[in-house]
Amino acid sequence: MKNALLATTFAAILSVSSFHAVAETTPVTFQDIPEVMSEFYSAKVFRKKALTYGRLPHPREIGRILPSFVADENGKPKLETENVIAFGDVITRNPEPVSGAVFNEWLVPKEKWLETYGELPKLMRFMPFQKNKTIKAIPITDEILALLGSSNGETAVIAVEWNEAGMTVYKDGYLTDGGYGIAPEEMAKTYEKID
């Protein structure tokens, strides 16, 4: 009887622990949280002031993984996402490196790029483009982090269309109406508020 009770208790603990581990790593679709979405009614409008570099992928890059890096708390490169390059993508990067020779690069579908920048890159080398599309963005506060299920009060993982593992968002960063997050340093460095 005692062994059966211990086994049942242990199984219950494992079950709760497993659920907690899955809950922490499962990306949250913030668009499904009414309290988060209501913040967008009074959200500020921003436009990217920095140029964005874009290029077409080389044929040999199709099917390869493109890692995306952001700066960690010490300014060192930290892997954010890994995505497979497809023929219909534009390889995009910020003009300034994250650190040293490591750049923040990511993939944008051609139709989304065209909608955002007005013209597609024509070459397989990086060229500068000015974003013409604006975004609405809300600050990621303690309250927003709690709604997103943050386990540490500093970060959360949101669901994004380009990566099943989601995207890490940071306290004092922003959530956008485009369905992605912007880190605090990135927002300060590359975006401007539109009145």
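Provide the per residue accessible area, probe 1.4 Å, for the chain, rounded to a whole number of square angstrom.
Working: 11690 Å² over 195 residues.
Result: 60 Å² of accessible area for each residue.
Where a Cα-Cα gap under 26 Å defines reach, which lysines qualify for Lys49, not counting those fewer than 8 residues away within the same chain?
Of all the lysines, those that pass the test against Lys49 - Cα under 26 Å, at least 8 places apart if same chain - are Lys76, Lys78, Lys110, Lys112, Lys122, Lys131, Lys133, Lys136, Lys171, Lys189, Lys193.
Around Glu80, under 12 Å between beta carbons, what's the net of Lys plus Arg minus Asp minus Glu among the other residues? Write out the running numbers ahead of the final one.
Working: positive: Lys78; negative: Asp72, Glu82, Glu105, Glu186.
It works out to a net charge of -3.
Can you send over the carbon and sulfur percentage of the accessible area for the chain, probe radius 1.4 Å, protein chains only? Numbers along the way, then the final one.
Values: 6740 of 11690 Å².
Within the chain, the accessible surface is 58 percent carbon and sulfur.
How large is the helix-only mean residue ellipticity at 222 nm for the chain, computed as the sum of -39500 (n - 2.57) over DSSP H runs with n ≥ 4, divided by its residue count, in deg cm²/dmol to the nearest 500?
Working: 5 runs with 49 residues, N = 195.
That calculation yields -7500 deg cm²/dmol at 222 nm.
Using the per-residue mean of other Cβ atoms lying within 10 Å as a proxy for protection, in what order, highest first, do the peptides 178-189, 91-102, 32-43 fall? Walk me through the numbers on the way to the answer.
On the way: 178-189: 17.2, 91-102: 15.2, 32-43: 12.7.
The densest-packed peptide leads the list: 178-189, 91-102, 32-43.
Need one number: nm distance between label points at Ala188 and Arg47, each 7 Å from Cα along Cα→Cβ, rounded to one decimal.
So the two model labels end up 2.4 nm from each other.
By the gyration tensor of its Cα atoms, with a ≥ b ≥ c the square roots of the eigenvalues, what is the shape of the range 97-144: rounded for a/c under 1.5, prolate for a/b over b/c, or oblate? The partial results should precede the final answer.
On the way: a/c = 2.78, a/b = 1.34, b/c = 2.07.
Oblate shape, in that a/c is at least 1.5 and b/c is the bigger or equal ratio.
Given (1) 36, 22, 15; (2) 26, 22, 14; (3) 43, 21, 13 as candidate values of semi-axes √(5λ) of the Cα gyration tensor in Å, which corresponds to the one derived from the coordinates?
(1)
Considering the options Val84, Phe30, His58, tell which one lies farthest towards the positive end of the dipole of the range 26-132, charges being +1 on Lys and Arg and -1 on Asp and Glu at the Cβ, about the Cα centre.
So the residue furthest toward the plus end is His58.
Could you work out how far apart the two model spin labels at Glu154 and Gln130 are, taking each label as a point 7 Å from the Cα in the direction of the beta carbon, and quote it in nm?
3.8
Could you work out the local net charge near Pro57, counting Lys and Arg as +1, Asp and Glu as -1, over the other residues with Cβ closer than 14 Å to its Cβ? Can you show the working numbers first?
Numbers: positive: Arg55, Arg60, Arg64, Arg93, Lys110, Lys122, Arg125; negative: Glu61, Asp89, Glu105.
Computed value for this residue: +4.
Would you mind checking the tilt of helix 2-25 against the longest principal axis of the Cα atoms of the chain, expressed as 0 to 90 degrees and rounded to 10?
Its long axis makes an angle of about 10 degrees.
What FRET efficiency, computed as 1/(1 + (r/R0)^6) with R0 = 25 Å and r the Cβ-Cβ distance, is obtained for Ile62 and Thr26, rounded to the nearest 0.05?
Working: r = 30 Å, r/R0 = 1.20.
Result of the calculation: an efficiency of 0.25.
What does the C-alpha gyration tensor say about the overall shape of the range 140-189? Classify as rounded when a/c is under 1.5, otherwise prolate if a/b is larger than b/c, or oblate.
Values: a/c = 1.75, a/b = 1.05, b/c = 1.67.
The shape class here is oblate.
To the nearest 20 debye, what charge dipole does the chain have about its Cα centre, counting +1 at the Cβ of each Lys and Arg and -1 at the Cβ of each Asp and Glu?
Values: 21 positive and 26 negative charges, 146 e Å.
For the chain, the charge dipole is close to 700 debye.
The values are calculated or read from the model by the stated rules, or taken from the named source; none is laboratory data. All of these numbers come straight from a predicted model, not from anything done at the bench. Reconstructed Cβ throughout: ideal geometry from the backbone, glycine too, with neighbour counts over all protein chains shown. Each accessible area value is taken on the protein alone, full model and side chains, heavy atoms only, with ligands, DNA and RNA left out. Shrake-Rupley method; radii C 1.70, N 1.55, O 1.52, S 1.80 Å.
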